[in-house]
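*Asks:* Have a look at this one.
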Amino acid sequence: GAPETRTPTGAETGAQTTTNGQQGRFLTTAQGARLRDTDHSLKAGPRGPVLLQDHHLREKITHFDHERIPERVVHARGAGAHGVFESYGTAEEITKAGFLAKGRKTDVFVRFSTVLGSRGSADTVRDTRGFATKFYTDEGTFDLVGNNIPVFFIQDAIKFPDIIHAGKPHPDREIPQAQSAHDTFWDFVSLHTEAQHHTMWNMSDRGIPRSYRMMEGFGVHTFRLVNAGGETVLAKFHWKPKLGVHSLTWEEAQLLGGIDPDFHRRDLYDAIEAGAYPEWELGVQVFPDTPEETFAGIDLLDPTKIVPEELASVQPLGRLTLNRTPTNFFAETEQVAFHVGHLPPGIDVTNDPLLQGRLFSYVDTQITRLAGPNFSQIPINRPHAPVNDMLRDGFHQQAVHAGVAPYRPNSLDGGNPFPAGDKDNAFVDVPVTVAEAPKVRQNPASFDDHFSQVRLFWQSMSPVEKEHIIRAYTFELAKCYHQAIKERQLQCLANIDPVLCAQVATGLGLPAPEPTVPLAEVAPSPALSQLGKEWPSD
Ligand code: HEM
């Protein structure tokens with residue numbers, strides 16, 4: 001039947017439709033009264049003063065005074081586009097998610113972003129890039145809120161405010177820092193050494209992408225997929241760009257920061273407008289859902305670790321095409337609200353402690369950013385599935401709810417929304433056993449290795465890529481005022497690779513320290529630099 005919770009159409013309310021903003025030939029007030037002038041305030045004679053009774057003047061200025069909303073606390077700078085996801089149907093054995101069934105087409109909205117800069121900052125800075133996708137599936141919205149780097153800085157969400165405070169502008173001078181946060185950034189990542197893996201990806205060419213169209217995307221966390229029979233697997237999501245992975249050189253990035261700070265958003269919009277639609281293939285690495293939640297000795301709940309593709313290849317699931325630019329940046333790109341907890345039946349979370357904290361953070365911040373709890377009614381955020389929630393009232397409520405009993409089930413007007421024998425299509429929280437263990441503020445021992453995968457990444461780089469990494473560390477660390485911080489970061493580099501450490505130390509004019517942890521052998525080069533460079537033949 002018809003959903004009971006929805007935004008009424010203009011015809012139903014007798015008002016103009018809420019999605020189209022303005023109608024008619026004539027300029028009017030917000031109340032629809034026709035105006036004859038919008039350039040002159042109402043004055044006591046041509047030489048004034050201005051009269052308080054000028055409603056049009058006050059309405060126009062008051063509304064303008066309130067046009068700004070807070071920018072995102074992170075990922076404030078971004079660009080978005082609409083598109084379509086077409087499923088290959090290859091996932092049917094591992095997930096019952098309907099949008100992954102064969103031949104399904106699902107509308108999507110994607111927002112790419114930098115992390116640390118403010119809304120007006122330059123596109124080409126050295127930083128991680130956000131890659132957030134909203135799939136408007138007919139079983140509810142699925143948000144894959146990922147980055148262009150497959151690992152994260154921290155293992156526990158409780159450190160997120162700290163890493164962001166360390167990377168955002170200085171509190172006293174408000175000098176933007178990005179990776180050039182310098183003292184605070186390098187202080188944090190050298191104290192919290194689990195950040196070293198993500199940091200080296202940032203110092204590599206991955207930190208300065210050529211184009212959003214040429215970036216990989218990663219869900220980072222391990223998710224749990226459930227098939228129609230209730231069987232589960234663990235999985236990591238990957239986006240691979242059809243155009244391959246390409247980067248700017250550091251010199252290009254710096255020049256573009258001055259010449260064209262909008263380089264990435266311009267590139268995205270121009271490509272789409274020209275009909276050169278960007279494409280990505282969505283894939284998954286699949287792992288057996290064992291009680292240990294490890295694969296090849298790698299803890300799948302540790303978001304600072306990858307699983308090399310040589311050990312678990314990426315299985316293609318479908319194709320994303322971006323084919324339409326937003327008509328209004330504010331309404332679409334700025335007001336879109338992603339959430340890692342927006343999951344359709346067939347995709348569930350794991351106990352990754354970073355993911356668990358994110359499940360709380362996104363809706364919490366959006367209640368401030370989008371002024372109240374009803375932002376899922378904003379057009380860009382509306383599900384394309386019928387919505388029949390019992391959420392009521394609140395700031396900016398747009399729906400006119402029917403019915404006398406806003407709770408389910410009830411015996412008055414709602415019927416039973418959980419009919420027996422018809423629950424198969426509903427979301428099921430996988431009944432994973434929770435360990436019988438004491439409550440502790442402690443990581444598992446498997447989270448303690450902070451260096452071997454960084455070494456793996458370093459060893460997989462070509463000579464020119466290594467050269468870029470050395471130069472990036474040297475450039476950024478040279479900006480630190482505190483020698484003790486440079487020395488502590490050099491110690492981390494010594495624990496990763498002595499040659500890397502020596503080269504950066506030389507660039508900084510400092511001695512290269514000896515490693516303090518054994519340089520254990522790592523698996524053979526996983527050719528990480530090949531990630532995303534393959535595209536299946538059409
Ligand atoms: C925003 C990715 C970790 C809090 C974003 C966005 C992306 C993203 C892509 C931008 C969304 C958009 O375009 O609107 C990630 C990834 C993470 C991660 C891949 C780790 C794997 C975290 C953690 C927290 C967090 C641990 C907090 C505990 C936020 C907040 C926003 C945000 C508050 C702003 C959301 C908004 O205002 O709409 N994140 N993030 N993130 N993230 Fe994360």
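Values quoted throughout were computed directly from the atomic coordinates according to the rules given, and no laboratory measurement underlies them. The structure displayed is predicted, hence computed values, not measured ones. We place every Cβ from the backbone using ideal geometry, glycine too, and count neighbours over all the protein chains shown.
*Asks:* Can you give the extra length, in nm with one decimal, that the chain gains between E93 and F26 once fully stretched, where that is 0.36 nm per residue apart less the Cα-Cα distance?
*Replies:* That works out to 18.4 nm of additional length.
*Asks:* Give me the aspartates and glutamates in straight-line cross-link reach of K43: C-alpha distance below 19 Å, same-chain residues under 8 apart excluded.
*Replies:* D54, E59
*Asks:* What does a probe at R173 reach in region 443-484, counting residues whose amide N is under 13 Å from the point 7 Å along Cα→Cβ?
*Replies:* Under 13 Å, as judged by backbone N against the label point of R173, lie 479-482 of region 443-484.
*Asks:* Using 30 Å as the Cα-Cα cut-off, could you pick out the over-long pairs in K242/K486; K236/K439; K305/K423; K96/K305?
*Replies:* The answer is K242/K486; K305/K423.
*Asks:* Additional query: Counting other beta carbons within 10 Å of each residue's own, what order do R47, R213 fall into, fewest first?
*Replies:* Ranking R47, R213 by Cβ neighbours within 10 Å, fewest first, gives R47, R213.
*Asks:* In nm, to one decimal, how far is the A296 label point from the I164 one, both placed 7 Å along Cα→Cβ?
*Replies:* Distance between the two pseudo-spin positions: 3.3 nm.
*Asks:* For each of R369, R129, count neighbouring Cβ atoms within 10 Å of the residue's Cβ, then give the residues from fewest to most.
*Replies:* Listed from fewest to most nearby Cβ atoms, that is R369, R129.
*Asks:* Shifting gears a bit: Can you tell me the dipole magnitude for the chain around its Cα centre, using point charges on the Cβ only (Lys, Arg +1; Asp, Glu -1), in Debye to the nearest 20?
*Replies:* The dipole of the chain has a size of about 1660 debye.
*Asks:* Output ³J(HN,Hα) for region 326-333: one whole-Hz value per residue in order, computed from phi by the Karplus curve 6.51 cos²θ - 1.76 cosθ + 1.60 with θ = phi - 60°, and x for Gly and Pro.
*Replies:* The phi angles translate into x, 8, 9, 4, 5, 5, 9, 5 Hz.
*Asks:* For region 270-312 and region 148-213, compute the distance between their C-alpha centroids and round to whole Å.
*Replies:* 21
*Asks:* R0 = 25 Å: FRET efficiency of I367 with E231, Cβ-based, nearest 0.05?
*Replies:* Calculated value: 0.10.
*Asks:* Would you mind pulling out the separation of the Cα centroids of region 63-127 and region 434-500, in Å?
*Replies:* 29
*Asks:* Another question, then. Under the 0.36 nm per residue contour assumption, what length would be gained going from the current alpha-carbon distance of E310 and R392 to full extension?
*Replies:* Extra length available between E310 and R392 comes to 24.5 nm.
*Asks:* Put +1 on the Cβ of each Lys and Arg and -1 on the Cβ of each Asp and Glu in region 37-161; which of T106, Q53, G89 then has its Cα farthest toward the positive end of the dipole?
*Replies:* Positive-most Cα among the choices belongs to Q53.
*Asks:* Now, a different point. Over region 76-121, calculate the relative contact order: mean separation of alpha carbon pairs under 8 Å at least 6 apart, over the residue count, as a percent.
*Replies:* Reported as a whole number, the value is 53 percent.
*Asks:* Could I ask something else about it? Could you tally the net charge around K466, taking each other residue with its Cβ under 12 Å from the Cβ of K466, Lys/Arg +1 and Asp/Glu -1?
*Replies:* -3
*Asks:* Indicate the gyration tensor shape class of region 318-450 (rounded, prolate or oblate), computed on the Cα atoms with a ≥ b ≥ c the square roots of the eigenvalues: a/c under 1.5 is rounded; otherwise a/b larger than b/c is prolate and the rest oblate.
*Replies:* Because a/c hits 1.5 or more and a/b fails to exceed b/c, region 318-450 counts as oblate.
*Asks:* Can you compute the helix-only [θ] at 222 nm over the chain? Use -39500 (n - 2.57) per DSSP H run of at least 4 residues, normalise by all residues, nearest 500 deg cm²/dmol.
*Replies:* Taking each H run of at least 4 residues, the total per residue is -7000 deg cm²/dmol.
*Asks:* What does the extension gain come out to for L191 and V517, with contour length at 0.36 nm per residue minus their alpha carbon separation?
*Replies:* 115.9 nm
*Asks:* Can you give the relative contact order of the chain as a percent, counting alpha carbon pairs under 8 Å and 6+ residues apart?
*Replies:* 18
*Asks:* Select from V245, V404, P209 the residue farthest towards the positive end of the dipole of the chain; place +1 on Cβ of Lys and Arg, -1 on Cβ of Asp and Glu, and compute about the Cα centre.
*Replies:* V404
*Asks:* Also, I was wondering about something else. Roughly how many nanometres apart are two label points built 7 Å out from the Cα toward the Cβ at K423 and E71?
*Replies:* 4.7
*Asks:* Can you list residues whose amide H is under 5 Å from V145's amide H, if they're 5+ apart or on another chain and H is modeled 1.01 Å from N?
*Replies:* Hits under the 5 Å cutoff: T133.
*Asks:* Which shape class applies to the chain: rounded if a/c is under 1.5, otherwise prolate when a/b exceeds b/c and oblate if not, where a ≥ b ≥ c are the square roots of the Cα gyration tensor eigenvalues?
*Replies:* Verdict is oblate for the chain.
*Asks:* Then there is this: Farthest toward the dipole's positive end in the chain, which of F395, L234, V307, given Cβ charges of +1 (Lys, Arg) and -1 (Asp, Glu) about the Cα centre?
*Replies:* Looking along the dipole axis, the top candidate is F395.
*Asks:* Check the straight Cα-Cα distances from K159 and name the aspartates and glutamates below 13 Å, setting aside those fewer than 8 residues away within the same chain.
*Replies:* Cross-link targets: E194.
*Asks:* How do E281, E436, E465 line up, fewest other C-beta atoms within 10 Å first?
*Replies:* In order of increasing Cβ crowding within 10 Å: E436, E465, E281.
*Asks:* Also, I was wondering about something else. Answer rounded, prolate or oblate for region 12-170, using the Cα gyration tensor with square roots of eigenvalues a ≥ b ≥ c: rounded when a/c is under 1.5, else prolate when a/b is larger than b/c, else oblate.
*Replies:* oblate
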